[in-house]
Amino acid sequence: MVIAFKAADSLLMQALNNLNVGKTKEALTQLNSAKIQIEQYQLAALDSMSNPVLQISRQHLLAAQQALKMGNTDQAISELNMLRQIRILHQQGMMVMKLPMAGEMNSTFNSLESHLLAADENINGYNIKGAISELNLANNQLYAHQLAMLDIVYSFLNSTRTHLKQSITDINSGDIQGAVSQLKMVNQLLRGNEQGMLMIIGKIQPPSNLL
């Protein structure tokens with residue numbers, strides 16, 4: 001995934017440099033290659049972005065439920081704390097990519113947090129049955145949240161491809177300035193996507209202004 005991003009980023013910069021010196025044929029060749037790399041990167045990124053929201057979070061939820069059933073409340077609390085860290089990284093990563101945490105995306109996110117807090121309260125009050133019930137409700141919100149997230153991410157990925165395709169159209173029609181403008185937007189979106197995605201999967205730390 002990172003290799004595909006680096007290759008796409010390099011090709012985009014080469015295309016921009018060639019456009020600036022009038023080498024449109026070379027730029028088109030590089031953009032067509034970049035398009036393939038971006039598509040490969042985005043498919044891998046989409047999988048990586050959804051995994052923390054669904055599989056890994058669910059693993060911690062199920063582990064917390066199992067720990068409660070075994071009477072190990074300390075382990076359950078530990079699992080919930082790890083889940084919260086994943087949620088924070090997810091939210092911050094989406095902010096870096098400038099993807100809106102609004103509508104159903106925001107409501108499911110907040111509902112998930114509400115059920116996790118309620119589970120904590122039940123654990124502290126020794127209401128194990130109530131805690132497990134809240135975790136079941138939180139698990140349901142993970143499904144709803146992922147679906148809402150994917151709708152937004154698909155829109156973002158489509159925007160990247162649209163700008164790239166438009167840059168190629170601009171070159172073919174002789175609008176070099178328009179092509180350069182479109183490519184700068186592609187590069188900005190792509191780099192923001194990479195930073196946010198790496199943050200979501202815990203590979204890099206969030207910017208200080210998000211802490």
>> Which trypsin sites (Lys or Arg not before Pro) in the range 25-110 sit in a loop by DSSP (not H, G, I, E or B) and have at most 15 other Cβ atoms within 10 Å of their own Cβ?
In response: Lys98
> Roughly what angle does helix 103-124 make with the longest principal axis of the chain, taking Cα atoms, 0 to 90 degrees, to the nearest 10?
Replying inline: 30
> What is the diffusion coefficient of the chain in µm²/s, taking the Kirkwood radius over Cα pairs and the Stokes-Einstein relation at 37 °C with a viscosity of 0.692 mPa s?
Replying inline: 174
> What is the helix-to-structure angle for 176-200, meaning the angle in degrees between its Cα long axis and the longest Cα principal axis of the chain, kept from 0 to 90 and rounded to the nearest 10?
Replying inline: 20
> Where does the charge balance sit around Ala119 when Lys and Arg score +1, Asp and Glu -1, over other residues with C-beta under 12 Å from its C-beta?
Replying inline: -3
> Can you give me the Cα centroid spacing of the range 61-109 and the range 128-201 in angstrom?
Replying inline: 21
> With N residues in the range 64-168, what two-decimal value do you get for its Cα radius of gyration over 2.2 N^0.38 Å?
Replying inline: 1.35
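Values quoted throughout were computed directly from the atomic coordinates according to the rules given, and no laboratory measurement underlies them. This one's a predicted model, so the numbers in the text were calculated from it and none came from an experiment. Cβ atoms come from the backbone with ideal geometry, glycine included; neighbour counts cover every protein chain shown.
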